[in-house]
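Have a look at the structure below, then the notes.
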Amino acid sequence: MLILALDTAQADCAACLFETESATVLSRTVETIGKGHAERLMAVIDETLQKAGKAPSGFDRVAVNIGPGSFTGVRIGVSTARALAVATGAECVGVSTLSAIGRQALRFATGRAVLATIDARRGEAYAQVFDAQGRALNPPATYAYGALEELLREHDAVAFGTGAVAAGVETGGDVTGAEIDSIARLGREPMPGQPVSPLYLRAPDAKPQTGFAVARR
Amino acid sequence: MYSEIKLTRQKLGFQLFGEKPLAADGRKRPVGDPIALGGKYHDFEHVFWQAMSHHQPVACFMSLCERQRAAARSDPVRFRLHPASTVVTGCFVNRIARRRKYSSEPMNKKTVFLGIESSCDETAAAVVARGADGHGEILADVVLSQMEEHAAFGGVVPEIAARAHVEAMDRLIAEAIHQSGVSLQDIDGIAATIGPGLIGGLLVGAMSGKAIAYASGKPFYGVNHLEGHALTARLTDGVSFPFLMLLVSGGHTQIVLVRGVGQYERWGTTIDDALGEAFDKTAKLMDLGYPGGPQVEKAAVTGNPKRIPLPRPMRGEARLDFSFSGLKTAVRQAAQALAPLEEQDVADLCAAFQLAVAETLRDRVGRSLARFRAEGLADEDRPALVVAGGVAANSAIREVLTSLCESQGFAFVAPPIRLCTDNAVMIAWAGLEREAAGLSANGLDMAVRSRWPLDAKASALIGSGKKGAKA
């Protein structure tokens with residue numbers, strides 16, 4: 001199976017084409033642009049497919065980074081992936097940034113559980129704990145910086161990612177974000193069929209306006 | 001494997017359409033027979049769907065769709081389709097009848113576009129065809145409204161809107177293509193709204209459009225939402241250029257001279273709030289619910305419009321602009337003076353507000369029609385005033401505009417409400433019009449624009465910040 005992986009949830013606008021049988025990345029395009037993903041993404045996909053000598057519909061599955069990350073960035077990736085699936089008949093699956101970070105942290109072979117984190121700003125971090133085999137031990141959630149230490153103690157885990165750095169927690173190695181290769185490799189696992197939705201982990205910043213209406217009898 | 005399926009399809013086709021001699025010359029009878037014409041795949045697509053799909057329930061789904069279409073034909077007002085939990089209304093046309101028409105006109109080659117719209121709180125997809133004669137045909141029109149999501153906030157919340165768009169867009173596109181009876185291969189271009197509007201939503205529609213255009217190798221047209229509104233009357237009523245457009249919605253209040261595709265002159269715009277926004281705020285002020293327009297109109301029915309005096313902003317001014325923020329404040333002050341409000345107070349306030357709006361429009365639009373005449377733009381006896389936007393649904397406003405047009409010798413053209421409010425039909429149509437006018441397709445690197453005036457030369461009156469003129 002050929003997996004086209006997409007990531008626009010972070011600073012990178014990235015795509016790669018991954019062959020599952022040989023577990024190899026056939027081609028990869030990564031542009032670290034910070035913003036402007038919507039303008040670059042189709043060119044990045046095109047370059048990736050062309051480098052591998054594939055047609056614009058030459059893949060069996062799209063794996064997309066569903067976040068957490070930039071809300072807008074995540075939506076750019078997810079809407080592109082879902083529309084590509086409609087146009088080509090390919091499967092569409094989602095991979096979270098946290099699971100990618102959790103997987104990448106296994107390289108440091110601490111033999112202990114991994115706390116994958118991403119800085120969510122406003123004194124909070126998105127975080128999830130994985131065991132030494134990369135299996136999730138809890139659902140992804142938003143934590144106050146101060147709550148990360150307790151999470152580490154509870155699971156005897158080692159922290160990785162920008163959330164831990166921002167919270168001043170000691171990390172087990174330098175993992176700054178999800179790599180496109182990890183999105184592709186993890187994209188083998190989910191069962192297709194479910195709609196792929198962004199993983200925001202934070203509610204929209206809106207509340208009903210009170211005190212606007214004039215009193216009525 | 002492939003040829004086996006194809007053979008079965010042909011057999012089914014013959015069973016369905018009857019065995020007729022294959023005409024060597026397509027123009028000879030029986031021309032109506034799609035097989036004789038060599039046919040396109042979509043001629044038999046309802047048969048193909050069963051053969052091609054891996055899913056057994058498709059046959060049942062197809063018959064369900066047909067039953068729903070039958071229901072829609074018999075009672076289009078009450079008809080509702082619920083593929084998701086939110087309301088979807090569909091404009092269904094008899095697919096079989098349309099298909100025959102489609103294939104019996106080989107000389108009038110039709111161009112088919114997919115349209116995508118997500119600039120505010122409606123997710124929409126549509127498939128529209130345009131003949132070489134300029135005649136358009138709506139093949140599918142699907143709109144999913146987010147009204148419920150925003151009702152609690154009394155207005156559209158951008159982040160909530162964007163989240164709803166991304167969940168629905170791909171399903172709506174697939175549904176529109178399916179309903180149209182045309183396969184993606186036979187669609188000639190993809191048009192998506194790329195501005196003006198809320199960035200989060202625009203990105204979802206634009207990326208979906210780009211992805212489909214890329215994967216299917218079709219040209220991509222980034223469409224200005226306002227251009228969609230401006231050109232709708234050419235699809236519904238065949239209005240010819242030049243004509244005058246009054247766009248009155250929650251985001252815009254403009255009078256635009258439409259000279260041709262891509263040629264727009266803004267004669268007037270609001271210097272503060274849009275008219276639809278003034279309706280929404282008036283409703284919110286009196287706790288009437290969201291969206292406010294229909295609620296204000298309903299409450300105004302039993303009201304006395306003369307009891308509470310309200311200003312007629314900009315009336316008598318030579319420039320053709322609008323202003324509604326002062327009127328909004330006047331309504332608030334009048335309401336506060338009467339508080340706590342009785343039912344009758346609410347009705348009177350709504351009636352007074354609606355009258356103030358109607359009289360303001362009478363003055364502003366009346367002057368625009370006079371200018372249209374004075375500039376000698378009218379080639380024909382009865383040039384058209386086209387109205388667009390959700391506020392066009394208000395019957396008091398329609399009444400004023402109708403009488404105004406009658407007295408000044410203009411044809412009043414109001415497309416069906418469904419096509420006045422946000423929809424994807426107008427986006428597909430704008431794409432078709434651009435293509436027919438020889439305007440080139442856009443690159444897949446095209447950026448979305450929150451601000452994008454239709455008239456690039458008009459100076460900004462409001463909201464001209466670092467992102468440029470607002471409208």
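The values are calculated or read from the model by the stated rules, or taken from the named source; none is laboratory data. In this text the structure is predicted, and so the values were computed from the model without any measurement. Reconstructed Cβ throughout: ideal geometry from the backbone, glycine too, with neighbour counts over all protein chains shown. Surface areas here come from the heavy atoms of the whole protein model, side chains and all, with no ligands, DNA or RNA. Shrake-Rupley method; radii C 1.70, N 1.55, O 1.52, S 1.80 Å.
Which residue, chosen from A:Ala215, A:His37, A:Leu186, occupies the Cα position most advanced towards the positive end of the dipole of chain A, where the dipole is computed from +1 (Lys, Arg) and -1 (Asp, Glu) charges on Cβ about the Cα centre?
So the residue we want is A:Ala215.
Express the accessible area of region B:243-414 per residue in Å², computed with a 1.4 Å probe while the remaining protein chains stay in the model.
Accessible area per residue, region B:243-414: 37 Å².
Give me the dipole magnitude in Debye, nearest 20, for region B:282-350 about the Cα centre, with unit charges on the beta carbon: positive for Lys and Arg, negative for Asp and Glu.
That gives a dipole near 260 debye.
Ratio of region B:226-339's C-alpha Rg to 2.2 N^0.38 Å, to two decimals?
Values: Rg = 16.6 Å, N = 114, 2.2 N^0.38 = 13.3 Å.
Rounded to two decimals, the normalised Rg is 1.25.
Put +1 on the Cβ of each Lys and Arg and -1 on the Cβ of each Asp and Glu in region B:231-310; which of B:Gly260, B:Met245, B:Ile308 then has its Cα farthest toward the positive end of the dipole?
Of B:Gly260, B:Met245, B:Ile308, it is B:Ile308.
If you roll a 1.4 angstrom probe over the protein chains with everything in place, what fraction of the accessible area of region B:243-414 belongs to carbon and sulfur, to the nearest %? Mind dumping the intermediate values first?
Numbers: 3080 of 6450 Å².
About 48 percent, which is the carbon plus sulfur part of the accessible surface.
What FRET efficiency comes out for the pair B:Arg259/B:Arg398, r = Cβ-Cβ distance, R0 = 25 Å, nearest 0.05?
After rounding to 0.05, the efficiency reads 0.45.
For the interface of chains B and A, what total accessible area is buried with a 1.4 Å probe, rounded to the nearest 100 Å²?
Looking at B and A, the buried total is near 3600 Å².
Step through the table entries A:Lys35/B:Lys281; A:Lys35/A:Lys207; B:Lys281/B:Lys457; B:Lys281/B:Lys306; A:Lys35/B:Lys457; B:Lys298/B:Lys328, compare each Cα-Cα distance with 24 Å, and write down the pairs that go over it. Write out the running numbers ahead of the final one.
Values: A:Lys35/B:Lys281 35 Å; A:Lys35/A:Lys207 28 Å; B:Lys281/B:Lys457 31 Å; B:Lys281/B:Lys306 21 Å; A:Lys35/B:Lys457 29 Å; B:Lys298/B:Lys328 18 Å.
Check vs 24 Å cut-off fails for A:Lys35/B:Lys281; A:Lys35/A:Lys207; B:Lys281/B:Lys457; A:Lys35/B:Lys457.
Would you kindly give the portion of the calculated P(r) for chain A that falls above 28 Å, as a percent of all Cα pairs? Before the final figure, lay out each step's value.
Working: 7352 of 23436 pairs.
Tail of the P(r) past 28 Å holds 31 percent of the pairs.
When the accessible area of region A:116-217 is split by element with a 1.4 Å probe, what percent falls to carbon and sulfur?
49 percent
Please check chain A for the longest run free of GluC sites (Glu not before Pro) that are loop-located per DSSP (anything but H, G, I, E, B) and have at most 12 other Cβ atoms within 10 Å.
Here the longest run is A:22-169.
Could you check how many percent of all C-alpha pairs in region B:243-414 are farther apart than 19 Å?
In whole percent, the long-distance tail amounts to 54.
Could you tell me the accessible area of B:Met147 in Å² (1.4 Å probe, neighbours in place), rounded to the nearest ten?
Roll a 1.4 Å probe over it and B:Met147 shows about 80 Å².
So for region A:54-126, considering every pair of alpha-carbon atoms, how many percent are separated by more than 15 Å?
Summing the P(r) tail past 15 Å for region A:54-126 gives 63 percent.
If Rh is defined by the Kirkwood formula over all Cα pairs and Rg also comes from Cα, what ratio Rg/Rh do you get for region A:98-167?
0.93
When the dipole is taken about the Cα centre of chain A, and only Lys, Arg (+1) and Asp, Glu (-1) are charged at their Cβ, what size is it in debye, to the nearest 20?
Charge dipole of chain A: 820 debye, to the nearest 20.
Quick one: dipole size for region A:98-167, taken about the Cα centre, charges +1 on Lys/Arg Cβ and -1 on Asp/Glu Cβ, in debye to the nearest 20.
Dipole about the Cα centre, nearest 20: 240 debye.
Considering the options A:Ile101, A:Val129, A:Ala159, tell which one lies farthest towards the positive end of the dipole of region A:98-167, charges being +1 on Lys and Arg and -1 on Asp and Glu at the Cβ, about the Cα centre.
Working it through, the farthest residue towards the positive pole turns out to be A:Ile101.
Which residues of region B:133-169 bury at least 10 Å² of accessible area once all protein chains are present, versus their chain alone (1.4 Å probe)?
B:Ala152, B:Phe153, B:Val157, B:Glu159, B:Ile160, B:Ala162, B:Arg163, B:Val166, B:Glu167
Provide the per residue accessible area, probe 1.4 Å, for chain A, rounded to a whole number of square angstrom. The partial results should precede the final answer.
Values: 9260 Å² over 217 residues.
Value returned for chain A: 43 Å² of accessible area per residue.
Heavy atoms only, probe 1.4 angstrom, no DNA, RNA or ligands counted: give me B:Lys109, B:Lys298 ranked by accessible area, highest first.
B:Lys298, B:Lys109
How charged is the neighbourhood of A:Gly163? Take every other residue with its Cβ under 15 Å from the Cβ of A:Gly163, and add Lys/Arg as +1 and Asp/Glu as -1.
Charge balance in the 15 Å sphere: -3.
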